Amino acid sequence: MSKPNKAGPRLRIALSTLEKIEPYKPGVSRIEGVANPMKLSSNENPFGPSPKAIKAVEKSTLKMHRYPEGSSKVLRDALAEKHGIDAERIVCGAGSDNILELLCQAYAGVGDEVLYSEHGFLIYPIAALRVGATPVKAPEKNLTTDVSALLKAVTDKTKIVFIANPNNPTGSYLTRGEVKMLRDKLPPHILLVIDCAYAEYVTEKDYTTGLELVAETENTAVTFTFSKIYGLASLRVGWGYLPTAVVDYVNRIRSPFNVSEQGQVAAVAALKDNEFVKKSREHNTKWRDWLTHELSKLGIKVNPSQGNFILAEFPSDKRRNADSANSFLQSRGIIVRAVKGYGLPDHLRISIGLEEEVRAVQEALEEFMKR
Ligand SMILES: Cc1ncc(COP(=O)(O)O)c(C=O)c1O
């Protein structure tokens, strides 16, 4: 990063804080010399967008010259109806990242701490640092958020606790009881943000998104996205269900047209396409379980995942470690996600793709492990 000119504008946040931001690295999408690589690096829906969402966007193209409706009213009403919640407490954003950032902007700043889990989603520390707050990591147990460790890491400077449930990149989740215990034991002035980007893929019965906690408490927020099961990553649509006072502040600071018209109409159509969501979930469950089982047979340890990806741990010897596996997969035209930035140098995160893609991963890794 280049240093600001002494004669130029003064940064409000200390330069030392801004320089700690490691710009978010999205999943790689290209391999030199490979025309159509299998992209399994960003946890996208391998079936693409819902056909109903495509139609809705096509219909809206002639309105591209108009500003979108600024409060995403139709989308909020559709979400409220689907989940049996209050539309007034929903805020839509340009991806759920936008909501996570707005919450940081409203509730944390210089001198505050933002707490998250050791292998938590990397947007949390970035969102904290960009408002001048200090991100603090609590250790995990067995690649899973540890509620006791989070509670132990709380100080009088803590303003926000972020958890992803299930978490990216570990795939692990907290049960309903654990989430409730975290909320009950956190001091009431701390905002608990539960990021449910992968909620629709969860198959475990003791899971909760935490929507009920938003209804019951004044200090819990839940976020969701249309980028994963709904297949709309490029359109950037996410939403948060927030306590009434939090909605008020977030609406004051969000940009007035933060969700495009195309994003809004596509999200409404995708939300109503139950068949597409069901097909996506069933496919994911089947092939997530299959790949977990097959890789385990090869001696690759797979962390049980509730998301649309798995986290695979490779042996430490140079010939078969995660770096070599990543290069080997790329040589077969397969792009997965290295997760060193998450403190997981021995692991690779692999999104669940189409059947032929999942099978290609298994075949390549079988060859790799047998070399
Ligand atoms: C845990 C988690 N939260 C939030 C997001 C952000 O998603 P978006 O901004 O596309 O809604 C992601 C994306 O990968 C994620 O993995």
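The values are calculated or read from the model by the stated rules, or taken from the named source; none is laboratory data. These numbers come from a predicted model, not from an experiment. All Cβ positions, even for glycine, are placed from backbone atoms using ideal geometry, and neighbour counts span all protein chains on display.
In table form, for the structure just shown:
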item: Answer from Val161, Val136, Val114, Val179 - the residue that is more than 26 Å from Leu75 (Cα to Cα), away from the ligand (no atom under 16 Å from the Cβ) and buried (at least 17 other Cβ atoms within 10 Å of the Cβ); result: Val136
item: Residues satisfying the stated conditions in segment 234-247, i.e. surrounded by fewer than 24 Cβ atoms within 10 Å (Cβ to Cβ), out of contact with any Pro (no Cβ under 9 Å at 6 or more places or on another chain) and farther than 15 Å from Leu192 by Cα; result: Arg236
item: Test set (1) over 20 Å from the mean Cα position of the chain (by Cα); (2) at pLDDT 95 or above - Asp317 fails condition number; result: (2)
item: Any helices (runs of 4 or more DSSP H) falling wholly within segment 83-173 and containing at least 1 residues that are aliphatic (A, V, I, L, M), under 30 Å from Asn274 (Cβ atoms) and in the same structural domain as Arg252 (by TED's automatic domain parsing); result: 96-107, 123-130
item: Single match in Ser71, Ser50 (criterion: surrounded by 12 or more Cβ atoms within 10 Å (Cβ to Cβ) and within 22 Å of Ser351 (Cα to Cα)); result: Ser50
item: Qualifying residue in segment 184-201 (condition: of a type in the set (Ser, Thr, Tyr), surrounded by 17 or more Cβ atoms within 10 Å (Cβ to Cβ) and either within 15 Å of the ligand (Cβ to nearest atom) or not in a strand (DSSP E or B) (or both)); result: yes
item: Flag if Ala322 is aliphatic (A, V, I, L, M), surrounded by 24 or more Cβ atoms within 10 Å (Cβ to Cβ) and touching a residue at least 24 places away in the same chain (Cβ under 8 Å); result: no
item: Residues of segment 68-95 satisfying the condition of being over 17 Å from Pro243 (Cβ atoms) and either touching a Phe, Trp or Tyr at 6+ places or on another chain (Cβ under 6 Å) or within 16 Å of the ligand (Cβ to nearest atom) (or both); result: Pro68, Gly70, Ser72, Leu75, Ala94, Gly95
item: Residue match in segment 98-107 (condition: more than 16 Å from the ligand (Cβ to nearest atom), touching a residue at least 40 places away in the same chain (Cβ under 8 Å) and either buried (at least 19 other Cβ atoms within 10 Å of the Cβ) or of a type outside the set (A, V, I, L, M) (or both)); result: yes
item: Among residues of segment 139-158, those that are of a type in the set (Ser, Thr, Tyr) and either surrounded by 15 or more Cβ atoms within 10 Å (Cβ to Cβ) or within 18 Å of the chain's Cα centre (by Cα) (or both), counted; result: 3
item: Residue within segment 359-371 that is in contact (Cβ under 8 Å) with a residue 12 or more places away in the chain, closer than 26 Å to Lys279 by Cβ and in contact with a His (Cβ under 9 Å, 6 or more places away or on another chain) present; result: no
item: Pick from segment 210-232, criterion within 13 Å of the ligand (Cβ to nearest atom) and either at pLDDT below 95 or among the β-branched types (Val, Ile, Thr) (or both), ranking: farthest from Ser50 (Cα to Cα); result: Val222
item: Breaking point among (1) on the phi < 0 side of the Ramachandran plot; (2) in contact (Cβ under 8 Å) with a residue 24 or more places away in the chain, for Lys152; result: (2)
item: Residue within segment 276-297 that is over 26 Å from Ala138 (Cβ atoms), modelled with pLDDT of 95 or more and assigned to a loop (DSSP other than H, G, I, E, B) present; result: no
item: Output for segment 255-277, where each listed residue is over 20 Å from the mean Cα position of the chain (by Cα) and of a type outside the set (Ser, Thr, Tyr); result: Pro256, Phe257, Glu261, Gln262, Val265, Val268, Ala269, Lys272, Asp273, Asn274, Glu275, Phe276
item: In segment 234-272, residue farthest from Ala215 (Cα to Cα) [restricted to those that are of a type in the set (D, E, K, R) and within 16 Å of the ligand (Cβ to nearest atom)]; result: Arg236
item: Some residue of segment 264-272 being part of a loop (DSSP other than H, G, I, E, B), in the same structural domain as Arg89 (by TED's automatic domain parsing), under 21 Å from Phe226 (Cα atoms) and modelled with pLDDT of 95 or more; result: no
